[in-house]
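Below: one structure, written as structure tokens.
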Amino acid sequence: MDSTDRALLNAIQNHFPIAVHPYQILGETVGTTEEDAFQRIQRLREEGIIRRLGGVFDSRRLGYYSTLCTAKVPEEKIPTLAKLLDGLTGVTHNYIRNHEYNVWFTLIARSKAVAESTLQTIRDVLGVTEIYSLPATRLFKINVNFDFDTDTNADSATNEDIAQVEGMDSFVAVSSEETDLSGHVHGVPLPLEEVGVSELRNVKLKDNSPYMLNSEDIDLIRVLQGNLPDSITPYNVLAENLHWQVDDLIAIAHRLLDAEVIRRFGAVLRHQKAGYVANAMGVWQVDPAQAAKVGEIMAQFKEVSHCYQRPTLPDWPYSLFTMIHGRTVEDCGEVMKRISLATGVTSYSMLFSTAELKKSSMQYFLDDETN
């Protein structure tokens, strides 16, 4: 990659233009032509550095429920579980990690009740009872951007879910799927007794309630959650497929973006191909009274792409989760040490993936959706 490629990747991770001529806008941004910007991004897609170019949605704003799940699964049953989860559209990521809790997967469903029913079915099929849901109770940061100018993670996020999403790129991504939010994010407001008036002025309260979607919104979401067409005018192609006017499509897309239904619109990268080959799930045992303060500090580390507070289990005392990216395992370990020094939290663990069994983007509003 040359400097123009890197500039384009920096530009489109959060903000791929939603306009009739998006590549003209990108070309002007980085100092090249519309055709050159288009050809470069096409090449980066073909090389697999760009995994997907499209919308990342807030599952809660769409009326969905999302959670991170963990399980203790005997090794001989992992193939059965992998096959089962591979067939569930609501499971976007499934990893084996080096811990007694060895299976970690995301689950997105139309409701909490559906998610719990799905988990019970998995328990019954496997004959394994120790499968748990750990939904986020507080979001401090979601940001899976990488800075290709300085070879370090960008410390800018965009107000995302999560999914949406739990949908993290590391589990997720989520979303995963799920990524949205600036510097660091206050996806869930801090308890009033834990912050002062001056701090409240800086907290962006996020609307997590379901957005009232109409049929046109849903039709557009179904196409924007996929890959943008390989066209220099991709929205014209989408509009033709929907039998819409392109100006109407662009206007509705911007409305969904403004309403934070679309958490971000841009490129989802394969971080390994981008040079960030190591990532660790750093988990921290934190006094509940200190969790808000500690989480805010952790979120300020540029190497941290996701920071959440989640429930604990009797034999899992870790309530704060941080996804850490680096070029080596040693890089991740050094970040953990620096976070520990900055927060005073000394009880922590670092989990690495030993196998990636599934990694996909969530598909919402499927006609045959049952989970």
### Query
What pairs come up if the first residue lies in the stretch 321-350 and is loosely packed, with under 13 Cβ neighbours inside 10 Å, the second is part of a strand (DSSP E or B), and their beta carbons are under 6 Å apart, counting only those six or more places apart or on different chains?
Thr328/Ala278
## Note on the structure
So, first residue modelled with pLDDT of 95 or more in the stretch 22-37, second residue surrounded by fewer than 17 Cβ atoms within 10 Å (Cβ to Cβ) and among the small types (Gly, Ala, Ser), Cβ within less than 7 Å, six or more apart or across chains; the pairs are Ile25/Ala19
### Query
With respect to Arg61, is the statement that it is of a type in the set (Lys, Arg), closer than 27 Å to Ala253 by Cβ, crowded, with 21+ Cβ neighbours inside 10 Å and not assigned by TED's automatic domain parsing to the domain that holds Leu224 true?
yes
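Taking the stretch 5-20 as the search range and keeping residues that are assigned to a loop (DSSP other than H, G, I, E, B) and either in contact with a strand residue (DSSP E or B) (Cβ under 9 Å, 6 or more places away or on another chain) or under 21 Å from Arg52 (Cβ atoms) (or both), which one is modelled with the lowest pLDDT?
The selected residue is Asn14.
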### Where a residue in the stretch 276-292 is more than 17 Å from Lys302 (Cβ to Cβ) and β-branched (Val, Ile, Thr) and its partner, wherever it lies, is crowded, with 21+ Cβ neighbours inside 10 Å and at pLDDT 95 or above, with Cβ under 6 Å and at least six apart
Val283/Phe321; Val286/Val294; Val286/Ser319; Val286/Leu320
### Task
Would you confirm whether any residue within the stretch 249-260 is in contact with a Gly (Cβ under 6 Å, 6 or more places away or on another chain) and among the charged types (D, E, K, R)?
no
### Task
Could you list, in sequence order, all residues of the stretch 202-245 that are over 30 Å from Glu35 (Cβ atoms), at pLDDT below 95 and surrounded by fewer than 16 Cβ atoms within 10 Å (Cβ to Cβ)?
Asn202, Val203, Lys204, Leu205, Asp207, Asn208, Ser209, Pro210
### Residue list for the stretch 70-90, filter: within 18 Å of Ser117 (Cα to Cα) and outside any helix (DSSP H, G or I)
Thr70, Ala71, Gly87, Leu88, Thr89, Gly90
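The values are calculated or read from the model by the stated rules, or taken from the named source; none is laboratory data. This is a predicted model, so every value here is computed, not measured. Neighbour counts are summed over all protein chains in view; Cβ atoms, including those assigned to glycine, are modelled from backbone coordinates with ideal geometry.
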